[in-house]
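The values are calculated or read from the model by the stated rules, or taken from the named source; none is laboratory data. These numbers were taken from a predicted model, which means no experiment stands behind them. Here the Cβ is made from the backbone with ideal geometry for all residues, glycine too, and neighbour counts use every protein chain on show.
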Amino acid sequence: MASQDWFEKDFYATLGVSDDASEADIKKAYRKLARKWHPDQNPGDEAAEQRFKEIGEANAVLSDPEQRQQYDAVRQMARGGARFTAGGPGGAGGGAGFEDVFGSMFGAGPGGGGQRVRFSTGGGGQQNINLEDLLGGFAGGGSQFGGGFGQYGAPAGPRPGQDIQARTTLPFRQAVEGATVTLQGVNGKPLTTRIPAGVKDGQKIRLRGKGHEGDPGAPAGDLLLQVTVTPHPVFGRDGNNLTVDLPITFAEAALGATVEVPTLDGKPVKVKVAPGTPSGRVLRVKGRGVQATSGAGDLLAKVSIVVPQRLTDEAKTALEALREQEQDVDPRAELKARATS
């Protein structure tokens, strides 16, 4: 959009903010209006779609500090805040000349040092400047000054499209193994994409070029997809490792055993429990975790000793005999010593 168009548009009013609004206020106002007028919220409503475009245009200018400064300068002229005279300091009415409006762009304000460039509507031997040429420098066009006004005349180029955000929820298994999902893209159009294996709860995935279209010749924006993963009743995640609680009996823990551990793919694996294994020890099964692009994780089985709720007479007799043999053993002796050290 050429800067000449800015004379007819009030981007501050479009976003409902004041002229001196902060960047945070502009961002907040834009998000609120974008949600309200987004085509997804107003299907088939052409007026809402046009309003959404106007909001996006206003935000694109006001959220860019350089473009906002240029826009404010143009609005100042449009309101008549700058008066154009044919002469210099002695011009009719004593109003400010072009040099007072644009002096800072050339490194010299009114009364300041440095080279002064004077603008005139004609006559007096001063250089004649066409307003279209002058404003063309704002938009990156050519001018009589060899390419524009320094930093203000630097070609901005076509603006890329704006990013959009979306959310999706995946079951635990699909998040670990990867899945293909269908989302609602720009203007309600369905968008099918592949979620890579190993995505984590709360992770954001950037889908390049799936956002709003940019200016002609500029790339489209991206779609930022935030993934929510529902918990699994058995397995958990620790990076690329899968975790599982493994119940074993007291006899298996004391005497040792070979037990089966469930896996996410449904094929159990056997692991050895060493004699004297305490509750809380972690048994590692290599390569049976998340198969992510960063590498395969492991399956971590945390031992949990199950205390029997009912005992047969024989089992009770055996445990009582064991207790008699362990009368001189205090498993809490080290704990007490460390607590008082």
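From the list Q325, Q291, the lone residue that is more than 30 Å from G178 (Cβ to Cβ) and either β-branched (V, I, T) or at pLDDT below 90 (or both) is Q325.
Taking the conditions (1) touching a helix residue (DSSP H, G or I) at 6+ places or on another chain (Cβ under 9 Å); (2) surrounded by 15 or more Cβ atoms within 10 Å (Cβ to Cβ) in turn, V244 satisfies each one other than (1). Taken as a whole, the condition of being exposed (fewer than 15 other Cβ atoms within 10 Å of the Cβ) and either part of a strand (DSSP E or B) or not basic (K, R) (or both) applies to T258. Scanning region 150-193 for residues that are in a loop (DSSP other than H, G, I, E, B) and modelled with pLDDT under 85 yields G150, Q151, Y152, G153, A154, P155, A156, G157, P158, G185, K189. Six or more apart or on different chains, Cβ atoms under 6 Å: show the pairs whose first residue is in region 268-282 and more than 19 Å from V234 (Cβ to Cβ) and whose second is among the hydroxyl-bearing types (S, T, Y). Qualifying pairs under 6 Å: K272/T258. Among the residues of region 181-219, those identified as among the hydrophobic types (A, V, I, L, M, F, W, C) and within 24 Å of A296 (Cβ to Cβ) are V181, I195, A197, V199, I205. Selection of region 256-280 for residues being among the charged types (D, E, K, R) and either over 16 Å from V306 (Cα atoms) or within 39 Å of the chain's Cα centre (by Cα) (or both) yields D265, K267, K270, K272. Please count how many residues of region 270-306 are surrounded by 15 or more Cβ atoms within 10 Å (Cβ to Cβ), among the aliphatic types (A, V, I, L, M) and in a strand (DSSP E or B). Qualifying residue count for the region: 10.
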